[in-house]
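Enquirer: Quick one: the structure is below, and I'll ask about it shortly.
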Amino acid sequence: MPEYAEDQYLTADDATVLGVPLSAGGRLHPDRPAAALDPHPETPEHPDRPAAALDPHPETPEDEGYVAYAEVRPHLERLALLVAERARLIEICLYARDRVNSPAAAERIDTGLADLGVTPVRADGEPFDPGLHEASASVPTSDPALHGLVAETELLGYADRGVLVRPPVVTVYRREGSP
C-alpha cells in the first residue's frame with residue numbers, strides 16, 4: 001500500500017482490502033487535497049461558505065464519498081497490528097504442530113488452523129521448485145520422468161489464505177548418475 005500524508009485520501013480498493021470502515025458513504029482517494037473534502041462549496045444555498053472552500057475538482061467529494069487518511073489512520077494501525085499478531089500466532093501453532101506426538105492433537109491443530117484459512121501444503125509428485133519447496137534430501141531414480149519431482153513431503157508446509165507461510169520440506173527424485 002502506498003504511503004499517505006495526513007491530508008490525502010485513500011482509494012476505495014485500499015480501503016476494501018484493508019477492511020477500513022468508511023464514513024459518509026465513503027470511498028477513499030489518495031491524491032485529493034484536503035480542501036476538496038468540503039461537501040458544501042460556496043453556492044447560493046450556502047452563501048456563508050468562504051471562497052477557499054470551493055472544490056477545484058469537477059466532481060464533489062460528497063458525491064464520491066472521500067475520507068481523509070487521518071480519519072482512517074487509527075484503523076490502519078490497528079489492522080497492521082492484527083496482521084502481525086496473526087502471523088506470530090500461526091508461527092507458534094506450527095511450532096507446536098511440529099512437536100506434538102499425538103496424531104489426534106496434530107489433527108486438531110490442523111483443523112483449527114484450516115478453520116482460520118491456514119492449510120497444509122503437501123508437494124508429493126510436483127516438480128521441485130526452490131521458491132516453493134525446501135529440499136532436504138534426494139533419492140536416486142532410473143526413470144527420467146521422475147527426475148526433479150518431489151518424491152515425498154517430509155515436513156508439511158502451510159499457506160495462509162493461499163500465501164505460503166512455510167514451505168514444505170521435501171525429498172526430490174534425482175536421476176541416477178546426475179550430480
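The values are calculated or read from the model by the stated rules, or taken from the named source; none is laboratory data. A quick note: this is a predicted structure, and the numbers were derived from the prediction, not measured. Because the Cβ atoms are built from the backbone with ideal geometry, glycine has one as well, and the counts that use them run over all protein chains shown.
Residues are listed down the side, and each one gets a yes or a no for (1) basic (Lys, Arg); (2) surrounded by fewer than 15 Cβ atoms within 10 Å (Cβ to Cβ); (3) assigned to a loop (DSSP other than H, G, I, E, B); (4) in contact with a Cys (Cβ under 8 Å, 6 or more places away or on another chain):
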position	(1), (2), (3), (4)
Arg86	yes, yes, no, no
Ile92	no, yes, no, no
Ile109	no, no, no, yes
Gly112	no, yes, no, yes
Pro120	no, no, no, no
Leu132	no, no, yes, no
Ser136	no, yes, no, no
Leu146	no, no, yes, no
Glu152	no, no, no, no
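Enquirer: So, Ala104, is that one in contact (Cβ under 8 Å) with a residue 24 or more places away in the chain and exposed (fewer than 13 other Cβ atoms within 10 Å of the Cβ) or not? Working first, answer last.
Expert: On the way: in contact (Cβ under 8 Å) with a residue 24 or more places away in the chain: no; exposed (fewer than 13 other Cβ atoms within 10 Å of the Cβ): yes.
So Ala104 fails the test.
Enquirer: Still on this structure, please answer the following. Among the candidates Asp98, Asp124, Asp110, single out the residue that is assigned by TED's automatic domain parsing to the domain that holds Val163, among the acidic types (Asp, Glu) and within 21 Å of Val170 (Cα to Cα). Don't jump to the end; show me each part of the working.
Expert: Details: Asp98 fails: assigned by TED's automatic domain parsing to the domain that holds Val163; Asp110 fails: assigned by TED's automatic domain parsing to the domain that holds Val163.
That would be Asp124, the only listed residue that is assigned by TED's automatic domain parsing to the domain that holds Val163, among the acidic types (Asp, Glu) and within 21 Å of Val170 (Cα to Cα).
Enquirer: For Ala123, all conditions in the list (1) aliphatic (A, V, I, L, M); (2) touching a helix residue (DSSP H, G or I) at 6+ places or on another chain (Cβ under 7 Å); (3) modelled with pLDDT of 95 or more hold save one; what is the number of the exception?
Expert: Ala123 satisfies every listed condition except (2).
Enquirer: Let me ask something additional. Hey, among the residues in the range 160-175 that are in contact (Cβ under 8 Å) with a residue 24 or more places away in the chain and surrounded by fewer than 17 Cβ atoms within 10 Å (Cβ to Cβ), which one's farthest from Pro140 (Cα to Cα)?
Expert: Our first condition is that a residue be in contact (Cβ under 8 Å) with a residue 24 or more places away in the chain; within the range 160-175, this holds for 160-161, 164-175.
Narrowing the set further to residues that are surrounded by fewer than 17 Cβ atoms within 10 Å (Cβ to Cβ) leaves 160-161, 164-165, 175.
Values: Asp160: 33, Arg161: 35, Leu164: 28, Val165: 29, Arg175: 6 Å.
Of everything passing the filter in the range 160-175, Arg161 is farthest from Pro140 (Cα to Cα).
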